[in-house]
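One structure is given here, and the rest of the page talks about it.
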């Protein structure tokens, strides 16, 4: 499981760098500055949580079994939060109205919060 968590962190980290470069240099011709700032929020949170996964996969302080649910919360949160933000920021470039799936963003944010809280709870139980 540690290997999977770590590799997932790498994949999300690399894709955050690629998407960040695309947002900074490729989108400026197609969307307004507000959309670029929105896109950047998705990139930033994706990178934060890619680093989170790298640390989670690297630590031996928690047993692997205790990391699995945290991993699922964070991955689900990244996919729903960041990727819905990317879709909403580039909504004008497609024929599909991504505003209809805008509810995914707060659900993704909630999953990210749950992942952090579960990490805190499990760490507290482990160290006491």
Below 8 Å between Cα atoms, with a sequence gap of 6+, how large is the relative contact order for the chain in percent? 29
Extension reserve of the residue 10-residue 72 stretch, reckoned as 0.36 nm per residue once the Cα distance is removed: 20.8 nm
Computed lengthening from residue 3 to residue 41, 0.36 nm per intervening residue step minus Cα-Cα distance: 10.9 nm
Taking the highest mean first, how do the peptides 88-101, 6-19 order by number of other beta carbon atoms within 10 angstrom per residue? 6-19, 88-101
Based on the Cβ-Cβ distance from residue 17 to residue 128, what FRET efficiency comes out when R0 is 41 Å, to the nearest 0.05? 0.60
If you rank 66, 61, 3 by fewest surrounding Cβ atoms within 10 Å, what's the result? 3, 61, 66
Whole-angstrom Cα spans of the chain along principal axes, big to small: 52, 26, 19
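Since every read-out is calculated from the coordinates, none of them should be taken as a lab result. Keep in mind that what you see is a predicted model, and the values were worked out from it rather than measured. Note that we place each Cβ from the backbone using ideal geometry, even for glycine, and neighbour counts take in every protein chain shown.
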